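Report on the following structure.
The values are calculated or read from the model by the stated rules, or taken from the named source; none is laboratory data. These figures come from a predicted structure and were not determined experimentally. As a convention, Cβ positions derive from the backbone with ideal geometry for all residues, glycine included, and neighbour counts pool all protein chains shown. The protein model used for the area step is the full one, side chains on, heavy atoms only, and it has no ligands, DNA or RNA in it. Shrake-Rupley method; radii C 1.70, N 1.55, O 1.52, S 1.80 Å.
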Amino acid sequence: MPRFSSLLLLGLLALTPMVRGDDLMTSWQAAREYDANFAAAQDTLAAGIEQANLATAAVLPQLDLIGSGEHRDEDYRSGNPEPKASERTSGRIGGWSVSLSQPLYDANAFADRAQLLKGADRARIAFRVAEQDLILRTTQACFDVLLAQNNLTLVRAQKDAISQQLAQAKKTFALGLATITDTDEAQARYDTIIAAEIAARSDLQVKAAAYTNLTGLDPAQLRTIGDTTPAIDPPRDTLATFLEQAERNNLTLRSEQLGLDIARAEIDRYRLSHSPVVALVASYGHDIEDGSISSSGWRDRTDTGVVGVQVTVPLFSGGARQSRLRQAKATASASANTLEALRRDVKLQTQQFYLDVVSGAARLRALDQARISGASALQSSKTGRDVGVRTTLDVLNAEQAYYQTLYDRTSARYQYLFSRLQLAASLGELTERQLAMVNTWLDSPPFTAPAEMLP
């Protein structure tokens, strides 16, 4: 029964008009609450920020309270046979002490503190990367559903048009005004579009399920993009400027750079691990001895206070320091090479997204004109068939080309808007502000076939 309900929902999504209220912003907000990967990123951020607290703790005073209590029996036997050379004592011993240690100079701890602070910074950047990734994933999921809906609508409109061409071909053949060829060609095209409709419906169901899996929302409530071309703003800067900005602000690059800094701080830690450690130490203790074990045979109390400076000089660690230092150097070298490879990838991706925006804008303008030209060509083909200079096949080919142009035009609009978001992410600028800009092009009326595509 649950499976039947799910299929029924997806069927309604494809077959019935619904009130559409969700857009990119509501989808993004829902994904922030629903997506498990983003929830994990939030937890990782909380864990990463704690590294800053650990860094502070490394150079703050360490305060310990120690308490003890025991009952002790001692049986002393002397090797001297003189009388009273052996004795037996018994009593209770206990006490408490408070000790304080404040590092004055600890090069290893200071290097560890710098490393932990960079780790906290990297966690913050990693969370911003996760935010950008969720914006892109949400936008892609929305656009996938909307494009699949549009495709199904176009396929069904084309099926209706072909159905009418098939009916007309059968009628003219029955009247002896056309050959069986027109009927066969229309029937073959109709059978093909039926298969295309099945594939389009299945694709919509898959895309709808992916959207729900990400946001928890009903894909039937998505608002569609308007039928007008979005504002085509030329890039504000040259490609060289964008590449420079990406190298400076790309979040993934910044995270990898911090990873290299952390690896180099690890080298400093092991290089300085044999440095002297100077600490201010202080302690206060209160001890009690009771019974015959005490010096007086009564209840003795001893209070002890100590303040001083302690110097520790590590001498030998079994070769572990040298091994870890070599390991840290190799890790830092690998991190540097990874950073360089990533820098080249970011440069290439930024160039690709920039060109996608520029070429996407040009393609949109061309497809706008192609839609007008295609509608004119389709009408001319119909007129030509009516006067005997065109065949049914010519009309069918013109219809197919026209519907393909309509699909390409819608797909190009989504891709153009998505490319703008990808470019913003590459520059480290993708936020809700950019998403809201794209969201303004989502319009409430669902896609319907333009008048010129109706038979």
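Details
- Those residues of the range 117-131 which are among the aliphatic types (A, V, I, L, M) and open to solvent by less than 10 Å² (accessible area, probe 1.4 Å), in sequence order: ALA120
- Pairing each residue of the range 22-34 that is under 13 Å from THR224 (Cα atoms) and in contact (Cβ under 8 Å) with a residue 12 or more places away in the chain with any residue that is open to solvent by 30 Å² or more (accessible area, probe 1.4 Å) and of a type in the set (S, T, N, Q), provided the two are 6+ apart or on different chains, yields C-beta distances under 8 Å for ASP22/GLN221.
- Within the range 317-329, residues that are within 13 Å of ARG264 (Cβ to Cβ) sit with their Cβ atoms under 9 Å from residues that are open to solvent by 100 Å² or more (accessible area, probe 1.4 Å) and part of a helix (DSSP H, G or I), at 6+ positions apart or across chains, in these pairs: LEU325/ARG271; ALA328/ARG264; ALA328/ARG271.
- Among residues of the range 374-389, those that are surrounded by 13 or more Cβ atoms within 10 Å (Cβ to Cβ) and not hydroxyl-bearing (Ser, Thr, Tyr), counted: 8
- Pairs are defined by a Cβ separation below 6 Å, a sequence spacing of at least 6 or placement on different chains, a first member in the range 57-77 that is within 14 Å of ASP290 (Cα to Cα), and a second member that is of a type in the set (Lys, Arg) and open to solvent by 100 Å² or more (accessible area, probe 1.4 Å); the pairs so defined are HIS71/ARG92.
- Failed condition for TYR211, given (1) open to solvent by 60 Å² or more (accessible area, probe 1.4 Å); (2) at pLDDT 90 or above; (3) of a type outside the set (Val, Ile, Thr): (1)
- Of all residues in the range 132-146, those satisfying the criterion of being closer than 17 Å to ALA40 by Cα and surrounded by fewer than 20 Cβ atoms within 10 Å (Cβ to Cβ) are ASP133, LEU134, ARG137.
- Among the residues listed as GLY67, GLY91, the single one being open to solvent by less than 40 Å² (accessible area, probe 1.4 Å), in a strand (DSSP E or B) and either touching a strand residue (DSSP E or B) at 6+ places or on another chain (Cβ under 9 Å) or at pLDDT 80 or above (or both): GLY91
- Selection count, the range 152-174, where residues are of a type in the set (Val, Ile, Thr), under 16 Å from LEU406 (Cα atoms) and touching a Lys or Arg at 6+ places or on another chain (Cβ under 9 Å): 1
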